[in-house]
Ligand code: ADP
């Protein structure tokens, strides 16, 4: 476990106003986890547009909800309507987008929630920076593996056609890079396997790591 004081000191170095002092919670994360009867972790879904990140995150959430788990899906498009509505798709804005999501996920972890972040998050460095916000084992990177060909064939939002036509600039996989994870905790074949198999794979993983309520283990 990282030393919380060192973590705060690390954060302090980056903040502009040095006169803020961290207030430690009385109702701590571990107390919340105990009450919820499950651990809080972040499931970080990464993959191309149309790979199945949102579909899978919501399906996993539905399964966990049946067992009274506290969950929340942070969905790329939705977050861009609010918290990140000032950001576009340049490399800089994408990094800032992921930085903010990482920080939001961290708040939900403190709240005892299983947070599921479904974002293309194309750059390894940005995902690693998000990972670095969490104690070891709390950040579970899930690579939703689907080839560009499959995603383009699905073209759920008509985006690939428009990107090919030059109507959308900086589109991941077409005119902007995607760096697949090198060592994700999980790789799910969202391009070829049925959704239920992918959900099962993730729930099994959470079970093995003793993250879920006892009756689900
Ligand atoms: P993303 O969030 O990655 O952009 P979406 O979840 O919006 O992708 O869309 C993925 C599409 O792929 C949906 O139409 C979904 O029904 C379909 N799909 C087929 N198989 C799977 C699977 N195993 N997991 C997730 N989505 C799948």
Checklist entry - So what's the gap between the Cα centers of segment 34-48 and segment 130-160, to the nearest angstrom? => result 15
Checklist entry - Which residue, 183, 19, 78, has the most motion in a Gaussian network model of the chain that connects Cα atoms within less than 10 Å? => result 19
Item to check | Cβ-based exposure ranking for 95, 175, in which fewest neighbours within 10 Å come first | outcome: 175, 95
Checklist entry - Under a GNM of the chain (C-alpha, springs under 10 Å), which listed residue has the highest mean-square fluctuation: 164, 66, 127? => result 66
Item to check | Sequence of 110, 63 once ranked by neighbouring C-beta atoms within 10 Å, starting from the fewest | outcome: 110, 63
Checklist entry - Between 82, 200, 137, which gets the highest mean-square fluctuation from a Gaussian network model of the chain, Cα cutoff 10 Å? => result 82
Next on the checklist: With viscosity set to 1.002 mPa s at 20 °C, what whole-number translational diffusion coefficient in µm²/s follows for segment 76-117 from Stokes-Einstein and a Kirkwood radius over Cα pairs?
Outcome noted: 199
Item to check | Distance between modelled label sites at residue 78 and residue 179, nm, 7 Å Cα→Cβ extension | outcome: 2.8
Next on the checklist: Under the 0.36 nm per residue contour assumption, what length would be gained going from the current alpha-carbon distance of residue 124 and residue 29 to full extension?
Outcome noted: 31.4 nm
Checklist entry - How high is the FRET efficiency between residue 37 and residue 209 when r is their beta carbon distance and R₀ equals 22 Å, given to the nearest 0.05? => result 0.90
Item to check | Which of 16, 157 has the fewest Cβ neighbours within 10 Å, and the rest in rising order | outcome: 16, 157
Checklist outcome for this item: Length gained, residue 111-residue 17, 0.36 nm per residue minus C-alpha separation, equals 31.3 nm
Next on the checklist: Just to be sure I understand the model, the point goes 7 Å from the Cα along the line to the Cβ. What's the resulting residue 103 to residue 193 distance in nm?
Outcome noted: 3.5
Checklist entry - Taking N as the number of residues in the chain, what is its alpha-carbon radius of gyration divided by 2.2 N^0.38 Å? => result 1.05
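Values quoted throughout were computed directly from the atomic coordinates according to the rules given, and no laboratory measurement underlies them. What you see is a predicted model, and the numbers here were worked out from it, not measured in a lab. Neighbour counts are summed over all protein chains in view; Cβ atoms, including those assigned to glycine, are modelled from backbone coordinates with ideal geometry.
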